[in-house]
1. If I filter the stretch 10-29 for residues that are part of a loop (DSSP other than H, G, I, E, B), polar (S, T, N, Q) and surrounded by 15 or more Cβ atoms within 10 Å (Cβ to Cβ), do I get at least one hit?
2. Filter the stretch 44-78 down to residues that are in contact (Cβ under 8 Å) with a residue 40 or more places away in the chain and open to solvent by less than 40 Å² (accessible area, probe 1.4 Å), then give me how many there are.
3. Just need a number here: residues in the stretch 38-71 that are touching a helix residue (DSSP H, G or I) at 6+ places or on another chain (Cβ under 6 Å) and under 18 Å from Asp23 (Cβ atoms).
4. Against the definition (in contact (Cβ under 8 Å) with a residue 24 or more places away in the chain, basic (Lys, Arg) and either in a loop (DSSP other than H, G, I, E, B) or in contact with a Gly (Cβ under 9 Å, 6 or more places away or on another chain) (or both)), how does Arg81 come out, yes or no?
5. Give me a count of the residues in the stretch 40-62 that are within 16 Å of Gly79 (Cβ to Cβ) and either at pLDDT below 95 or not basic (Lys, Arg) (or both).
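The values are calculated or read from the model by the stated rules, or taken from the named source; none is laboratory data. A quick note: this is a predicted structure, and the numbers were derived from the prediction, not measured. Note that we place each Cβ from the backbone using ideal geometry, even for glycine, and neighbour counts take in every protein chain shown. Remember, those area values only see protein heavy atoms, side chains included, never the ligands or the DNA or RNA. Shrake-Rupley method; radii C 1.70, N 1.55, O 1.52, S 1.80 Å.
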Amino acid sequence: SRPCPHPGAVAAADPPPAACRVDGCTLAPDLDFQDCCDAHDEAYWAGGTRAARLSEDRRLRACLATRGHGVLAPLYYAGVRIGGSPS
């Protein structure tokens, strides 16, 4: 993992004690959309409500789709809905 590429870009109401770190698309290929996954990691680091998590998961899906990965987008979305949890 590496430090968040946009420190401070994601507002955390109550910042977690650990520094923000990203690792691309955890347990899945990054292909040409690692930045989409990094932004998702940053949002999860910031924490938030269930609604905020759902919004960020949808944002990830949209980001992949806009990169031309219409087949992968729903698969990655399902992965974060099933396996993801905000810090």
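1. yes
2. Total meeting the criteria: 4.
3. The qualifying residues number 7.
4. No; evaluated as a whole, the condition is false for this residue.
5. Going through the stretch 40-62 one residue at a time, the tally reaches 10.
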